[in-house]
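All of the numbers you see were taken from the coordinates with simple rules; none came from a lab. Bear in mind the structure is a predicted one, so any value in this text is a computation, not a measurement. Cβ sites come from the backbone with ideal geometry, for glycine too, and all protein chains shown count toward neighbours.
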Amino acid sequence: MPPLYAHDPFVAVQRAVAMRWLDVPMALLSIACEGWMVALIALAMYAWLEKDVPSVWKTFAPLVVGLVAGGVLVHVLKDVWATPRPLAVYGPAQVHVLLQPLWKHGFPSGHSVSAGTFAAFTLAVYGRRGLAAIALPLLGGVSRVYVGAHWVADVIGGWAIGIGLALLVYFAAVRVLPRGHLARLRAERAQARLDMSSKVP
């Protein structure tokens, strides 16, 4: 077993949450964290948060860049690290497997990268209004362990990469388009914070 996984709590987490009635919800959550599904979820959420269609696309486009970059980076890192999946280490008898059985190239979790990118980018853009986005990587990360696809370390590593990509894309967009939609939303939030602080006695 690679040192990265020597003390990974994968088995403990699986045993703690494995229940038959959770099989379908966890499988659906796992599918929801695939890149294309994350994009659809983001598009729906931004349509709800924004006032008009052009603003939705101005927010959505940078996220797509981050999701695509994340997908490419994940494939590169999986080939570089070539780490085994839990199924390859423990075998079918000890791993609760749903969906497709996976044996190798585990780190990082691509699903966690996509969901983490979405959540971090949404929080960067909308602040508190985007807090609901956090649910996808958290629940999706648990689901990747639940279905036997990833170690806990794979999920945490995926979140870290996703957060980094999201912030990189966000700040790049604000810098390249200082009068663009994302920069305007950022200025509005900063002004709202100033207004709130001025009201505090």
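Numbers at a glance
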| item | result |
| --- | --- |
| Candidate aspartates and glutamates - alpha carbon under 19 Å from LYS58, same-chain residues fewer than 8 apart omitted | GLU50, GLU188 |
| Alpha-carbon centroids, region 18-65 and region 119-151: separation in whole Å | 10 |
| Nitroxide proxy distance, nm - points 7 Å out along Cα→Cβ at ARG193 and LEU43 | 3.2 |
| Helix-only [θ]222 nm of the chain, DSSP H runs n ≥ 4, -39500 (n - 2.57) each, per residue, nearest 500 | -23000 deg cm²/dmol |
| Normalised convex hull volume, region 13-65, alpha-carbon set, Å³ per residue | 98 |
| Cleavage-rule hits (chymotrypsin sites (Phe, Trp or Tyr not before Pro)) in region 89-127: DSSP loop, at most 13 neighbouring Cβ within 10 angstrom | TRP103 |
| Radius 13 Å from Cβ of ARG189, net charge of other residues (Lys, Arg +1; Asp, Glu -1) | +3 |
| Whole-number percent relative contact order across region 14-199, with pairs defined as alpha carbons under 8 Å at least 6 apart | 28 |
| Loop-exposed trypsin sites (Lys or Arg not before Pro) per DSSP, neighbour cap 11 Cβ within 10 angstrom, longest uninterrupted part of the chain | 52-178 |
| Separation of the ARG129 and ALA82 label points, Cα + 7 Å toward Cβ, nm | 4.8 |
| Linear extension gain, ALA27 paired with VAL13, 0.36 nm per residue minus alpha-carbon span | 3.4 nm |
| Fluctuation leader among ALA190, ALA27, ALA115 - the chain, Gaussian network, Cα springs under 10 angstrom | ALA190 |
| Residue with peak Gaussian network fluctuation, the chain [Cα springs, cutoff 10 Å], from LEU98, LEU136, LEU165 | LEU98 |
| Hits among lysines - C-alpha to C-alpha of LYS104 under 28 Å, sequence gap 8 or more where chains match | LYS78 |
| Convex hull per residue volume in Å³, alpha carbons only, for region 1-157 | 109 |
